[in-house]
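All remarks here apply to the structure that follows.
Derivation of every value follows stated rules applied to the coordinates shown; laboratory data play no part. Everything numeric in this text was worked out from a predicted model, so none of it was measured. Using ideal geometry, Cβ is built from the backbone for each residue, glycine included, and neighbour counts are taken over all protein chains shown.
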Amino acid sequence: MLVRIFKSAEDYSIAAASEIARLIERKPDAVLGLATGTSPLLLYQKLIRLHEEEDLDFSRITTFNLDEYVALPRSHPQSYHSFMTENLFSKINIRPGNIYIPNGTVENIEEQCDWYEEQIKLAGGIDLQILGIGGNGHIAFNEPGASLGSRTRIKTLSEQTRKDNSRFFNTMDEVPKYAITMGIGTIMDCHRLLLMASGKSKAVAMKNTIEGPITAMVPATIVQMHRYAMIYIDEEAAAHLSGEHE
Ligand code: F6R
């Protein structure tokens with residue numbers, strides 16, 4: 001596990017964008033795993049800049065998003081479909097047919113989850129998966145207690161996560177209760193992982209993730225077992241680390 005501590009989210013986003021640019025240059029049809037939320041926002045801005053100013057070509061890449069709310073129409077401003085369109089996809093030259101985001105509005109959710117796993121397999125697996133982390137240590141929507149071997153499935157969001165995400169909705173009642181999420185096993189199958197976090201609110205989760213024992217109660221701790229996991233965090237998120245890290 002490579003841990004890199006940066007002055008700011010701006011700095012780690014530049015490093016993460018270079019990592020992705022190098023991957024696409026080496027493998028123009030790379031498969032990227034993407035996340036939503038605040039953590040990857042600056043990274044997406046850097047990728048858009050690389051596309052506009054340095055011709056970074058996304059035309060052959062395929063993307064798989066980690067998760068999507070259940071029962072929220074794709075057109076809802078807070079759906080992860082809308083988030084990705086607005087913050088990345090509408091501003092780069094990715095082919096719409098190469099974009100995969102779970103569909104939380106289908107009737108048969110279980111079938112949709114199996115289909116999603118199958119598409120990842122058919123694409124040859126995910127070369128690089130971007131991850132954020134919840135204050136409670138969740139990755140994607142794998143909340144504390146999630147099975148460490150889990151695959152894509154429907155999960156109930158914890159009250160903490162619903163509270164954290166309520167900032168995007170008018171009332172608590174509007175915050176979805178369920179999501180489709182890649183499982184921890186799905187994430188661990190990705191060739192490389194890049195987990196990013198910034199700010200004080202992530203400091204305890206990062207201490208547990210990097211220095212704590214591996215436990216399903218802090219799902220992100222499983223990345224300690226991954227062969228190519230990179231962790232990019234800012235100084236605030238690194239505040240509680242006691243070991244020597246770069
Ligand atoms: C989003 C996702 C979540 C977020 C996490 C952190 O696709 O999978 O696990 O990465 O909740 O969210 P932010 O970055 O908003 O603090």
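Miscellaneous remarks
- Each Lys and Arg adds +1 at its Cβ and each Asp and Glu adds -1 at its Cβ; summed about the Cα centre, the stretch 114-174 shows a dipole of about 100 debye.
- Cut-off under 5 Å, modelled amide H: who pairs with ALA229 long-range: LEU2, LEU193
- Given +1 at the Cβ of Lys and Arg, -1 at the Cβ of Asp and Glu and no other charges, the dipole of the chain around its Cα centre is 200 debye to the nearest 20.
- Gain upon complete extension [TYR178, GLU19; 0.36 nm per residue less C-alpha separation]: 54.0 nm
- Using a Förster distance of 35 Å, the FRET efficiency for LYS27-SER201 (Cβ separation, nearest 0.05): 0.50
- Sites ASN93 and SER242, calculated FRET efficiency, Cβ-Cβ separation with R0 30 Å, nearest 0.05: 0.10
- Rounded to the nearest 0.05, the FRET efficiency derived from the C-beta distance between MET1 and ASP57 at R0 = 30 Å is 0.45.
- Between the stretch 105-139 and the stretch 192-246, the alpha-carbon centres lie 21 Å apart.
- Sequence-distant contacts, meaning Cα pairs under 8 Å at least 6 residues apart, place the relative contact order of the stretch 2-234 at 25 percent.
- ³J(HN,Hα), Karplus 6.51/-1.76/1.60, whole Hz, each residue of the stretch 62-70, x for Gly, Pro: 10, 10, 10, 7, 5, 7, 7, 5, 8
- Shape class for the stretch 1-99: oblate, because the ratio a/c of the largest to smallest gyration tensor axis (alpha-carbon atoms, square roots of eigenvalues) is 1.5 or more and b/c is at least a/b.
- Where the Cα pairs of the stretch 2-234 fall when distances are cut into 5 Å bins, in %: 1, 7, 15, 20, 21, 19, 12, 5, 1, 0
- Estimated [θ] at 222 nm from DSSP helical runs (n ≥ 4, -39500 (n - 2.57)) normalised by residues in the chain, nearest 500: -9000 deg cm²/dmol
- A straight chain from GLN224 to PHE168 at 0.36 nm per residue would run longer than the Cα-Cα distance by 17.0 nm.
- Environment charge of ASP164, counting only residues whose C-beta is closer than 13 Å and scoring Lys/Arg +1, Asp/Glu -1: +2
- Counted residue by residue at 0.36 nm each, then reduced by the alpha carbon distance between them, the extension gain from LYS121 to ALA71 reaches 15.4 nm.
- Amide H to amide H distances under 5 Å link LEU131 with LEU194, LEU195, MET196, where only residues 5 or more positions off or on other chains count and H is placed in the peptide plane.
- Fraction of beta bridges assigned by DSSP in the chain that are antiparallel (%, nearest 5): 30
- Among the trypsin sites (Lys or Arg not before Pro) found in the stretch 40-136, those both in a DSSP coil and sparsely packed, with 15 or fewer other Cβ atoms within 10 Å of their Cβ, are ARG60, ARG74.
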